[in-house]
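Structure record follows, encoded as structure tokens.
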Amino acid sequence: MASRRTIRAGIAALCGLVLAACAGPAQYYSGTGVHDATAAQVTGHWSNVEGTRVELREDGTAVLRKLDGQDFDYDEGWRLSGTGTWRLADTDGGQVVRLALKTSTGVDERAPEPAGVQAPSADTRPPTTYDWSLYVDRSKREREVKLFFFYGDPDSGNTYVLTRAAKK
């Protein structure tokens, strides 16, 4: 007959396995491991394929155009524009850009979802202020810095990537 200690250990192991199986990649993401990026490397113009534009200025101010919500907020469909602040922070898992929208100058909506995808809730109003945590990463080959956050269901691990915009 199994001892109580053996049974408890088995139950604890089973619970841990169940929790690990239910956790998506974004839920327990600890960071990129990048700790050597400088403020000068993240200062500048950033964009993504959906038409988002973010300018991180040397003085710590930021200008955003059509930046989607992070995590589950992305599912609401709004895209925020305005001005705010940013700072480069170093955490145990790596560096992040803390971006804060302070003054909203506009709200857009993403293009309608394809058939079969749930549309955003009509009773949800976009926020007038918002905070993002953008992970700082660096490609191993080109050594170029990129910024990203997770969006949608954490189990999916979808990343919203911002790359340095081409200089005009």
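Quick notes
- Calculated diffusion of the stretch 37-168, Stokes-Einstein form, Kirkwood radius summed over Cα pairs, 4 °C and 1.567 mPa s, µm²/s: 84 µm²/s
- Backbone HN-Hα couplings from phi across the stretch 146-157 [Karplus 6.51/-1.76/1.60, Hz, Gly and Pro as x]: 9, 10, 7, 9, 8, 9, x, 5, x, 5, 7, x
- Semi-axes of the equivalent ellipsoid for the stretch 63-117, Cα gyration tensor, largest first, Å: 25, 17, 6
- Over the stretch 25-94: Rg over Rh, Cα atoms, Kirkwood Rh: 0.99
- The calculated P(r) of the stretch 29-68, using every Cα pair and 5 Å bins from 0, goes 6, 20, 22, 18, 24, 11 in percent.
Rule-based calculations on the coordinates, nothing more; no lab input. All of these numbers come straight from a predicted model, not from anything done at the bench.
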